[in-house]
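Enquirer: Have a look at this one before I ask anything.
The values are calculated or read from the model by the stated rules, or taken from the named source; none is laboratory data. Keep in mind that what you see is a predicted model, and the values were worked out from it rather than measured. In this analysis, Cβ positions are derived from the backbone assuming ideal geometry, glycine residues included, and neighbour counts consider all displayed protein chains. Ligands, DNA and RNA are excluded from the accessible area calculation, which covers all protein heavy atoms including side chains. Shrake-Rupley method; radii C 1.70, N 1.55, O 1.52, S 1.80 Å.
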Amino acid sequence: MNIEAKVTPLRHAPRIYTRDEHNISRRNISPNALKVLYRLNGAGFRACLVGGGVRDLLLGREPKDFDIATDARPEQVRELFRNCRLIGRRFRLAHVRFGPEIIEVATFRAPHAEDEGQAHVNDEGRILRDNVYGGIEDDAWRRDFTVNALFYDIADFSVIDYVGGVEDLKQGLLRLIGDPETRYREDPVRMLRAVRFAVKLGFRIDPVSERALFEHGGLLEQIAPARLFDESLKLFHGGCALQSFEALRHYDLFARLFPSADAALAHLHGGFPATLIGHALDNTDQRIAEGKPVTPAFLLAALLWDPLEEQRQHLLASGVSEHEALEVAADTVISQQVARLAVPRRFTQMTREIWTLQERLIKRSPKRALRAFEHPRFRAAYDFLALRASAGEPFDDDVAWWTDFQDADEAAREALLGSAKSAGGGGNGSRRRRRRRKPA
Ligand code: ATP
Ligand code: MG
C-alpha cells in the first residue's frame, strides 16, 4: 500500500471564502504577525496565516499563537527580517522575534514523492522524515485535522480551504485528513491531539477517526517519552484537565501515558484514588482559570499516590522501616513512570518532596512542624494534604491547623506550636496509619 496514495486524494480546486464570507478581522490578529505577513507578501511571496490561529479566529476564540506558512525558503525569510533565527535541523523553520512574541514562519511542505516508496516511514508506517518543500495544497494535505488546515491569505484576506475544514468547523466536527489509521500510524501523537482539540473546542470526533482512536492506542508506545510529556502537559495544563482525563480514559489512552495510575483506577473501580485525581485535575483547571501558577509535580503526586501507597504497604509488610518504605516506593513508582513519560527531574523531585512532607504535616511535633513550614515545598505539600482531605481522608483538622498557622502572627504561632502534638504521636496520630476511605 502506498501511503501518499491513501493520504492525498485527487487534487481539486480549493473552496475560497472571500473576505465578506468569513468573520476573520485583522483587528484580532497580532500586529507582529501582520507585519511578517505584509513584508513577505510585499517581497513577492505567498504569505498565509495557518493552523490553530485561523481555526480559532473563525470560531471567535482568541488564538494561542499565530503561525505563518509561505512559499519563501527559510533563507529567504531570514533575509527579510533582522530579528529572525532559523531553527530545526531536520526541517528548518524561521522564528521572527518581537520582544517576548515569536512568530513562526514555515515553508510549505509536501508529503514525500510517490516514487520514493516507503523509505520515509518505518515498518509500522510512522513518518521518519517530513522534510520536502511543496506548494500550498501539499501543505494543506499533510496537516492533521481538516479544521487545522485552513489558510488566511494576506494578499486578498480570503480563507482557502482544500479539505472541507470550514464545513467541519461549522458542524463542530474534528476529522482527520485522509485515512485515519494511516494518519495515526504516521504519527501516533495525533491521537492525543484528537482528544485535546475535541475537548478544548467542544467538538465531536468524526466516527471513522474515532473508531481508529479506540483501536490504535498501542502505537503510542513507539513515541519518545519526552514528546509524550510535552503532549501531556498540553492536555493537563490547557485549562480542561478533568475533561481531557475523562476522554483519555474513555479511549483507553490514559493507560499509555500513566500505566500504574490507570491500573490503580481500574482495579479499585473509582473510590478514593479516582476522587483524589478528579479533585487534583479540577483544582488545576481552577488555578489556570484564575491565572495562578501550576506545576506538573502536583498532578503527578496525585496520579501516582495510589501506586505509591500500594508499594509502600507492600514494603512495610515485609518489615522495612517507614522512612525506607516511602523512599523505595517513591523510587519505584517514579522510575516506572518516567520510562513512559519523561517528566523532568526537577518535577519528580518536587513530587517526592510533596509526598515526604505529608507525614511531617500530620505528625506535627513542634520541631517537625517548624521545619516543615520552612521547607520550600511547604505550600505544595499543604495543598496536597488539603486535596487528600477533600477526597475523603480524615485530615480536616490538620488542614485547619495549618491554615491557622499560616495566617497567624508570631505570638499566635507560638501558641499553636504549644498545642502541636508531642513527638511520637498520640492524640489523633494513630489514625494516620490506616487510611479510611469514604464509600464511593
Ligand atoms: P494550539 O492552539 O494548541 O496551538 P494548533 O492547531 O496551532 O493548536 P500546533 O501544535 O501549534 O497546533 O500546530 C500548528 C499546526 O501544525 C496545526 O494546526 C496543524 O495544521 C499542524 N500540525 C501540528 N502537529 C501536527 C501533526 N502531528 N501532524 C500533522 N500536522 C500537524
Ligand atoms: Mg499553535
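Enquirer: Can you tell which of 230, 187 is open to solvent by 10 Å² or more (accessible area, probe 1.4 Å), within 12 Å of ligand 1 (Cβ to nearest atom) and without any contact (Cβ under 8 Å) to a residue 12 or more places away in the chain?
Expert: 230
Enquirer: Sticking with this structure for a sec: Quick check, is residue 143 more than 17 Å from the chain's Cα centre (by Cα) and in the same structural domain as residue 28 (by TED's automatic domain parsing)?
Expert: In short, yes.
Enquirer: Restricting to region 158-178, what's the tally of residues that are crowded, with 19+ Cβ neighbours inside 10 Å and not in a helix (DSSP H, G or I)?
Expert: 12
Enquirer: Within region 190-203, which residues are surrounded by fewer than 21 Cβ atoms within 10 Å (Cβ to Cβ), outside any loop (DSSP other than H, G, I, E, B) and more than 8 Å from ligand 1 (Cβ to nearest atom)?
Expert: Residue satisfying the conditions is 201 alone.
Enquirer: Here's another thing I want to ask about it. Being open to solvent by 40 Å² or more (accessible area, probe 1.4 Å), over 33 Å from the mean Cα position of the chain (by Cα) and assigned by TED's automatic domain parsing to the domain that holds residue 86, is that true of even one residue in region 58-65?
Expert: Checked against the condition, which is being open to solvent by 40 Å² or more (accessible area, probe 1.4 Å), over 33 Å from the mean Cα position of the chain (by Cα) and assigned by TED's automatic domain parsing to the domain that holds residue 86, region 58-65 yields no hits at all.
Enquirer: Is it true that residue 244 is on the phi < 0 side of the Ramachandran plot, touching a residue at least 40 places away in the same chain (Cβ under 8 Å), surrounded by 18 or more Cβ atoms within 10 Å (Cβ to Cβ) and away from ligand 2 (no atom under 16 Å from the Cβ)?
Expert: So residue 244 fits the description; yes.
Enquirer: Here's a follow-up. Since residue 202 meets every condition but one in (1) in contact (Cβ under 8 Å) with a residue 12 or more places away in the chain; (2) farther than 26 Å from residue 57 by Cβ, which condition does it not meet?
Expert: (2)
Enquirer: State all residues of region 42-94 that are within 12 Å of residue 29 (Cα to Cα), part of a loop (DSSP other than H, G, I, E, B) and within 16 Å of ligand 2 (Cβ to nearest atom); if no residue qualifies, say none.
Expert: Result: 61, 62, 63, 64, 65, 66.
Enquirer: Restricting to region 313-336, and then to whatever is in contact with a Leu (Cβ under 6 Å, 6 or more places away or on another chain) and either buried (at least 21 other Cβ atoms within 10 Å of the Cβ) or aromatic (Phe, Trp, Tyr) (or both), can you tell me which residue is nearest to residue 248 (Cα to Cα)?
Expert: Only one residue tops the list, namely 333.
Enquirer: Further question: Can you tell me which condition residue 13 does not meet? The list is (1) small (Gly, Ala, Ser); (2) on the phi > 0 side of the Ramachandran plot; (3) free of Cβ contacts under 8 Å to residues at least 24 places away in the same chain, and all the others hold.
Expert: (2)
Enquirer: Give me the pairs: first residue in region 277-290 and open to solvent by less than 20 Å² (accessible area, probe 1.4 Å), second residue among the polar types (S, T, N, Q) and part of a helix (DSSP H, G or I), beta-carbon distance under 9 Å, and six or more apart or on different chains, which are they?
Expert: These pairs meet every condition: 281/243; 281/244.
Enquirer: Is it fair to say residue 329 is part of a helix (DSSP H, G or I) and under 33 Å from the mean Cα position of the chain (by Cα)?
Expert: On the way: part of a helix (DSSP H, G or I): yes; under 33 Å from the mean Cα position of the chain (by Cα): yes.
Against the criterion (part of a helix (DSSP H, G or I) and under 33 Å from the mean Cα position of the chain (by Cα)), residue 329 qualifies.
Enquirer: Out of everything in region 291-302 that is of a type in the set (A, V, I, L, M) and more than 15 Å from the chain's Cα centre (by Cα), what residue ends up being surrounded by the fewest Cβ atoms within 10 Å (Cβ to Cβ)?
Expert: By that ranking, first place goes to 302.
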